[in-house]
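The values are calculated or read from the model by the stated rules, or taken from the named source; none is laboratory data. Please read these numbers as outputs of a predicted model, since none were measured by experiment. For neighbour counting, all protein chains shown are included, and Cβ atoms are generated from backbone atoms with ideal geometry for every residue, glycine included. The accessibility values were calculated without ligands, DNA or RNA, using every heavy atom of the protein model including side chains. Shrake-Rupley method; radii C 1.70, N 1.55, O 1.52, S 1.80 Å.
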Amino acid sequence: MAAIEVISEKPAHPTAAEFAARMESYRSPVEAMKLMRYFKTGVGEYGEGDIFMGVRMGQIFELAKAYINMPLEEIEKLLESPIHEIRTGALSIIDKQARNKKTSLSQRKALYDFYLRRTDRINNWDLVDICAPHVVGGYLYRSGEPRDVLFKLAASDNVWERRTAIVATGYFIRQGDIADTFKIAELLLNDKHDLIHKATGWMLRSAGQIHRPQLLNFLDQYAATMPRTLLRYSLEHFDKPSRSHYMALKHAG
């Protein structure tokens, strides 16, 4: 496996065109075919029609680190790209900006508004997961603004907006704030999409690491009726007897 290039110099005036040109130098048709299969781009699949150029995630993240000072108007140009990895780069940049301790609250607000305005281009699970916790969850936590937006997203017809709602609570969980994770998980229990089951189970599992009794109460109430994938993801850190107990409830239900 080739080493990932470390980019030490940050461009003085980073542009979308420069970033895309650098990405082009990493293109790999072989990797692109692998990614197209992995991200389900076939007819009728969740990523149908998405285009890949075959750039490894480590290369994208390293490039995004160098272009962290790119202004939002240039980042939006990247997000308009039909190429998945270019959009990944755009979202990795705003994630890195949101993670930066020097980023002001007003700048965080701009990133948050940008994300919510452009959910039409944040259209796969990895794109959501890259930046929803810090860009959406991080802003809501720091600003103290009402979190009603997450509950609206949880009720959206757009699967990626629903995934945003639950994954954004990942930031809250890291701060020991788990109430909204359970509330939103409850709203998503009857979701029809496997990618929502996986994300919800992932967040419940993480919340359970903060407060196991609350997760146990949730599972006692819903294990029999929740989707099997969601339950399995929730139970990943349980010992075998506990997993067997809750899976038996599901079977009986």
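Being more than 18 Å from ASP120 (Cβ to Cβ), open to solvent by less than 90 Å² (accessible area, probe 1.4 Å) and part of a helix (DSSP H, G or I) is the filter here, so list the residues in segment 139-149 that pass it.
Scanning segment 139-149 gives TYR139, LEU140, TYR141, SER143.
Let me confirm something: among GLY47, GLY42, GLY54, which residue is touching a residue at least 60 places away in the same chain (Cβ under 8 Å) and not aromatic (Phe, Trp, Tyr)?
Answer to the selection: GLY47.
Any idea how many residues of segment 210-228 are open to solvent by less than 40 Å² (accessible area, probe 1.4 Å) and not aliphatic (A, V, I, L, M)?
Qualifying residue count, segment 210-228: 3.
Being among the β-branched types (Val, Ile, Thr) and under 14 Å from ASN69 (Cβ atoms) is the filter; apply it to segment 91-132 and report the residue that is farthest from the chain's Cα centre (by Cα).
THR103
Which one of LYS183, LYS250 is free of Cβ contacts under 8 Å to residues at least 60 places away in the same chain, of a type in the set (Lys, Arg) and open to solvent by 50 Å² or more (accessible area, probe 1.4 Å)?
Just one listed residue meets the conditions, LYS183.
Could you look through segment 155-169, keep only residues that are open to solvent by 10 Å² or more (accessible area, probe 1.4 Å) and not in a loop (DSSP other than H, G, I, E, B), and pick out the one that is nearest to GLN209 (Cα to Cα)?
The residue in question is ARG163.
This table checks each residue for (1) in a loop (DSSP other than H, G, I, E, B); (2) modelled with pLDDT of 95 or more; (3) touching a Ser or Thr at 6+ places or on another chain (Cβ under 7 Å); (4) among the charged types (D, E, K, R).
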{"residue": "MET1", "(1), (2), (3), (4)": "yes, no, no, no"}
{"residue": "GLU18", "(1), (2), (3), (4)": "no, yes, no, yes"}
{"residue": "GLY42", "(1), (2), (3), (4)": "yes, no, no, no"}
{"residue": "MET53", "(1), (2), (3), (4)": "yes, yes, no, no"}
{"residue": "SER92", "(1), (2), (3), (4)": "no, yes, no, no"}
{"residue": "THR103", "(1), (2), (3), (4)": "yes, yes, no, no"}
{"residue": "SER106", "(1), (2), (3), (4)": "no, yes, no, no"}
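Output the number of residues of segment 54-70 satisfying the condition of being aliphatic (A, V, I, L, M) and under 19 Å from TRP125 (Cβ atoms).
Residues meeting the conditions: 4.
Given the residues LEU215, LEU195, LEU189, which is the only one that is among the aliphatic types (A, V, I, L, M) and either touching an Asp or Glu at 6+ places or on another chain (Cβ under 9 Å) or within 19 Å of ASN123 (Cβ to Cβ) (or both)?
LEU195
Could you list all residues from segment 58-90 that are open to solvent by 10 Å² or more (accessible area, probe 1.4 Å), assigned to a helix (DSSP H, G or I) and farther than 14 Å from GLU24 by Cα?
Result: GLY58, PHE61, GLU62, LYS65, LEU72, GLU73, GLU74, GLU76, LYS77.
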